[in-house]
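Only one structure is covered here, and it is reproduced in the block below.
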Amino acid sequence: MIDFRYHVVSLVAVFLALALGVLLGTTQLSGVVSDDLRGQVRQLDTGKRDLQAQLRTLQSRAKSDDTVTAALAPKLVAGTLRDAKVVLVATPQAADSTADGVQQAMEQAGARVTGRVQLTDDFADPRRAADAKAYVTGGGQPAGFQLPESEDAGVLSGALLSYALLGTRQGDPAPAVTSEVLAGFASLRMLRVDSAQVTAADLAVVVTSGAVQGEDPDGRLRTLGALVSALDGAGRGTVVAGTAAAAGKDGLVGAVRTDSGLASAVSTVDHADRPVGQVAAVFALAQQGAGRSGQYGTAAGAGAPFPPTSSS
């Protein structure tokens with residue numbers, strides 16, 4: 001007669017058999033899955049190496065293109081800005097190499113760069129608005145300067161600085177006036193002069209690279225935008241020359257392009273960190289002098305890769 005212990009032993013044997021089957025099956029499945037995963041990793045690694053090779057090829061081509069463009073630039077732009085007087089204003093975000101390249105292109109085009117001004121972070125810092133307003137409205141405004149009817153420190157600062165750099169369409173400020181205004185802003189640590197001297201110009205180029213830094217980027221962009229607008233209104237035209245990063249949400253190029261009023265009056269270039277963009281800035285400024293504006297480059301908001309090469 002089959003006793004209870006027999007049933008127990010039988011059930012244990014059955015469960016052991018099931019467990020062994022599951023273990024063997026899992027081991028075989030794990031091997032298949034592991035092989036599949038290893039294959040996918042190998043494919044991804046191969047794809048990564050292919051992409052890296054393509055990137056190196058593209059970088060090499062871009063470097064070669066830059067070399068060729070830089071060599072041809074003097075002939076490409078020669079005479080485009082003959083007898084023009086251009087002032088360069090660099091934002092706190094502007095890379096020195098970009099500003100240097102833009103200045104060189106302007107000079108190769110025949111322009112006389114009347115000076116170079118480097119803004120500091122304090123110029124557009126909303127926390128310094130009261131200081132800027134007090135300076136501009138302090139009663140020592142130069143003769144010929146018309147104080148705007150505004151309580152906005154950015155508008156006020158932009159108006160006075162643009163007057164010092166470009167005068168008005170009725171006449172230029174005396175060199176002493178320009179020096180005095182710049183010295184006043186410099187005493188507030190809002191700018192420095194990066195040239196031997198600064199005299200009044202006809203046209204302005206604002207150089208920038210990347211997004212604005214610091215608290216309240218919108219407020220900073222409004223102040224920089226007010227300066228761009230004031231420069232354009234005071235002179236014969238203004239170009240904002242920046243990089244693809246500056247064409248983003250918190251960049252000055254992007255801010256100009258998304259402001260319909262500014263975009264209809266001011267030109268932008270979003271590849272000014274490369275020789276082709278520096279050449280584009282020259283032709284964009286020539287278009288400004290002829291009363292036309294445009295947004296040039298390959299980043300968001302660009303209307304064409306390159307400006308027309310004739311101002312007629």
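The values are calculated or read from the model by the stated rules, or taken from the named source; none is laboratory data. Since we're looking at a predicted model, the values are computed, not measured. Cβ placement follows ideal geometry from the backbone for every residue including glycine, while neighbour counts extend to all protein chains displayed. For the accessible areas, the whole protein counts, side chains as well, though only heavy atoms, and no ligand, DNA or RNA atoms are used. Shrake-Rupley method; radii C 1.70, N 1.55, O 1.52, S 1.80 Å.
By how many nm would the segment from A78 to Q104 lengthen if fully extended, with 0.36 nm per residue of separation less the alpha-carbon distance? Intermediate results must be reported in sequence, preceding the final value.
Numbers: separation 26, 0.36 × 26 = 9.36 nm, distance 1.19 nm.
Gain on stretching A78 to Q104: 8.2 nm.
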Margin query: What figure, in Å² to the nearest 10, do you get for the accessible area of Y163 with a 1.4 Å probe and non-protein molecules left out?
Written below: 20
Margin query: I want the local charge near G110. Using Cβ-Cβ distances under 15 Å, sum +1 for each Lys or Arg and -1 for each Asp or Glu among the other residues.
Written below: +1
Checklist line | Burial ranking of peptide ranges 259-265, 99-105 (average Cβ count within 10 Å, highest at the top) | finding: 99-105, 259-265
Notebook entry, point to check: For D35 and D121, FRET efficiency with R0 = 35 Å and r from the beta-carbon atoms, rounded to 0.05?
Noted result: 0.05
Check: Carbon-plus-sulfur fraction of the accessible area of the range 236-312, 1.4 Å probe, in percent?
Finding: 54
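Quick one: order V155, V87 from most to least accessible surface, probe 1.4 Å. Intermediate values should be presented prior to the final figure.
Working: V155 55, V87 0 Å².
Per-residue accessible area, sorted high to low, gives V155, V87.
Using square roots of five times the C-alpha gyration tensor eigenvalues, list the equivalent-ellipsoid semi-axes of the range 159-244 in whole Å, biggest first.
In descending order the semi-axes read 22, 16, 12 Å.
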Notebook entry, point to check: Each residue of the range 243-251 in turn: what ³J(HN,Hα) in whole Hz from Karplus with 6.51, -1.76, 1.60 and θ = phi - 60°, glycine and Pro shown as x?
Noted result: 10, 4, 5, 6, 8, x, 4, 9, x
Notebook entry, point to check: If one computes the Cα centroid of the range 82-99 and of the range 105-143, what distance in Å separates the two points?
Noted result: 13
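If you add up the charges near A204, with Lys and Arg at +1 and Asp and Glu at -1, over every other residue whose beta carbon is less than 14 angstrom from its beta carbon, what do you get? Mind showing how you got there, number by number?
On the way: positive: K85, R112, R116, R169, R236; negative: D172, D202, D232.
For residues surrounding A204, the net value is +2.
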Check: Within a Cβ distance under 15 Å of G184, other residues only, what is the Lys/Arg minus Asp/Glu net charge?
Finding: +1
Next item on the list: Pop a pseudo-label 7 angstrom from the Cα along the beta-carbon direction at both D66 and L44 and give the gap in nm to one decimal.
Entry: 3.2
Margin query: What distance in nm lies between label points placed 7 Å from Cα along the C-beta direction at Q197 and A183?
Written below: 1.4
Notebook entry, point to check: If the chain between R169 and A304 were fully stretched, how many nm would it gain, using 0.36 nm times the residue separation less the Cα-Cα distance?
Noted result: 45.6 nm
